[in-house]
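Asks: So that we are looking at the same thing, I have put the structure below in structure tokens.
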Amino acid sequence: MAPPQLCKSKVAEILLGYIADRDPALTQYIVPDESSAAELVDERLRPMFEDSPRLSRLLTGSPKDLTAKKFQLRTMRVMLVWAGSTARLAAKAAKYQFRDEIDKYPVSPSKKETSTEKLLDKRQRTFRWDRKTYRASSPTTATGPIAMAVSVASAVFDFWVRCPICGHMQRMYLTAPDGRPCLRWPDDERDPNRIEDGSLAWYECERCQGHWDDAKRDRAVARGEWREERTGLPLFSHLRQHKPRRIAFRLSALLSMFVSLSEYAAAFLKAKGDKLLLRDFCNGYEGTPWQDYEVERAEKDILALRDDRPRGLVPGGGRTACLIGMVDTQEDHFIYTVRALGWGSSLPSWLVREGRVETFEGVAQVLWDDVYRDVDGVEYPVRLSVIDSQGNRTADVYEFCRQHRGKIFPLKGEQRMTRPHDFTRIDHFPNSEKKIPGGIKLLRVDTTVFKNQLSAKLSILPTDPGAFLLHAEATEEYARQMCAEYFDEEDSVWLCPKHRANHYWDCEVYGLACADLLGVRHWKRPEDKKPASAPASAPRPQPHSSGRVGLPSAIARRRG
Ligand SMILES: [Zn+2]
């Protein structure tokens, strides 16, 4: 899956030359339409076979053997097929198939007629054990053929490049997953044409922050390698160790020596704010499928949930049952929220504090060293905390949770579970399946359940029971992130569009899981309780300075 002009067809042609020379066998080459077939033969295949001393020996010498309908070699015949010609598709079986630009194949006219891809699959059944299929295309939508093929691949490779200045290996992004801009241009320059004409864009190394111009970018790519998405292993190590049956490769035009960094930046700036152009940018430059989505909620509706408390102040007057803390882990920082949960089955709640810290010490300070009080000075400790343990920092997160055992749990979000949440023990004795008693547990959370719940909560008006409220200083950035994800009806999953940060949303999703885990809905208010039957799980707000009146400083540091 890659944008146009990134050698997808060239790879197919080289593979075809290899097959003709080394393993002649029935081969089909499928293109979107008849004119592409003629072009393929005249402009690509014939010159390649004629120009190569080795391949030219395979030509029959008869010009009528090299036409769009028939590409006959001494050793084998290449059947050129265009996707519209279903009769030709049904004709023969093939061991090798090249399916070029599959997202451009015409869609079957009716539901009754099988899709081109299904029809092609049938042609390969005879060669069940040794068939090979090469699919290539620029992406279209998330449900288009190439994006679907990538999604079912057992190994997905991205191209990593090596910084020509510091040697650091990295993936290239327009904007990194943590929101850091990677492709840069002068801050005061907004005109795409001036950026493109003046070659004003540069790429910034994620480690040394060194600037790459186009030449340095090309050097970074030349010294790069394919790495698998999940294992991080280089191509051939991964293939040896895991022997995947379906492998996928993804490329962006950021890596292409034919596309300057400034052209890429200009294309992005021109597309900004225009849905159609943005779609072209995703498909044609970034090499990603376009996800069309409905906006679930507006940022202004989120900001309408602000009340009049300053940041850091816990709702007073006996409204708060307990505080919880949620942390989303990024490559080099953390995003957190601290939320107050209220009494009652409608589960009202209030954002107390949110933000970003750089270190684990910062996380510890926010959760346990800083003191949270209500307007009467009553102190509330953070009762339960969770921290996202997925990504590249799992071991560090586990270690942090071990140091603060009992106060914080590592959390792993999953899309589908049989229960909303579940604990798994993760501490084993070395080289053994045996669990260490008292070792830390991983909290697995069905994010679909709690994302649905959060989405519903956000639509409760601020004055109604169970509202999901914010403090007065909650930012537009917070609101933006709370609007990032949308629900895909077709697959019943929550999705986050590319380039959208959703860290606060994730934190708040974890928060609802925490509330559920604590069973706060079922807690009895202190005044409702009979002294003898106080449940052990009831919270104990600690009076701090009884009788003190006035607004305490919102966040205080605990001493000693
Ligand atoms: Zn560098």
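Asks: Convex hull volume of the Cα atoms in the range 173-236, per residue, in Å³?
Replies: For the range 173-236, the hull spanned by Cα atoms encloses 117 Å³ per residue.
Asks: For the range 193-222 and the range 348-378, what is the separation of their Cα centres, given in Å?
Replies: Each part's Cα centre sits 40 Å from the other's.
Asks: With a Cα-only, solvent-free Debye model of the range 313-396, what are the log10 I(q)/I(0) values at q = 0.10, 0.20 Å⁻¹?
Replies: The Cα Debye sum returns log10 ratios of -0.26, -0.87.
Asks: Right, here's the next one. Under a crude label model (7 Å from the Cα following the beta-carbon direction), how far is Arg219 from Leu58 in nanometres?
Replies: Each label point lies 7 Å from its Cα, and together they span 3.9 nm.
Asks: Based on DSSP H runs of at least 4 residues, each adding -39500 (n - 2.57), what is the mean residue ellipticity at 222 nm of the chain after dividing by all its residues, to the nearest 500 deg cm²/dmol?
Replies: -7000 deg cm²/dmol
Asks: What is the magnitude of the charge dipole of the chain about its Cα centre, with +1 placed on the Cβ of each Lys and Arg, -1 on the Cβ of each Asp and Glu, and no other charges, expressed in debye to the nearest 20?
Replies: 2420
Asks: Please work out the C-alpha center-to-center distance from the range 146-179 to the range 1-38 and express it in whole Å.
Replies: The range 146-179 and the range 1-38 have Cα centres separated by 25 Å.
Asks: Additional query: For the chain, report the translational diffusion coefficient in µm²/s to the nearest whole number, using Stokes-Einstein at 10 °C, 1.306 mPa s, and a Kirkwood Rh over Cα pairs.
Replies: Rounded to a whole number, D works out at 58 µm²/s.
Asks: Additional query: Tell me the per residue accessible area of the chain using a 1.4 Å probe; a whole number in Å² is fine.
Replies: 50
Asks: Please report, to two decimal places, log10 I(q)/I(0) for the range 401-520 at q = 0.12, 0.13, 0.14, 0.23 Å⁻¹ as given by the Debye formula with identical point scatterers on the Cα atoms and no solvent.
Replies: Ignoring solvent entirely, the Cα scatterers give -0.55, -0.64, -0.72, -1.38.
Asks: On alpha-carbon atoms, Rg over Rh for the range 2-90 using Kirkwood Rh?
Replies: 0.95
Asks: Could I ask something else about it? Ignoring ligands, DNA and RNA, what percent of the 1.4 Å accessible area of the chain is carbon and sulfur?
Replies: Solvent-exposed carbon and sulfur of the chain make up 51 percent of the total.
Asks: As I understand it, the value is the acute angle between the Cα axis of helix 261-271 and the longest principal axis of the Cα atoms of the chain; what does it come to in degrees, rounded to 10?
Replies: Rounded to the nearest ten degrees, it is 70.
Asks: Output needed: Cys residues of the chain lacking any neighbouring Cys C-beta below 4.7 Å, sorted by number.
Replies: Unpaired cysteines in the chain: Cys7, Cys182, Cys282, Cys322, Cys401, Cys483, Cys496, Cys507, Cys514.
The values are calculated or read from the model by the stated rules, or taken from the named source; none is laboratory data. Bear in mind that the values here come from a model prediction, so they are computed numbers and not experimental data. Heads up, the Cβs are rebuilt from the backbone with ideal geometry, glycines too, and the neighbour counts pull from every protein chain shown. Just the protein is used for accessible areas: all its heavy atoms, side chains included, with ligands, DNA and RNA removed. Shrake-Rupley method; radii C 1.70, N 1.55, O 1.52, S 1.80 Å.
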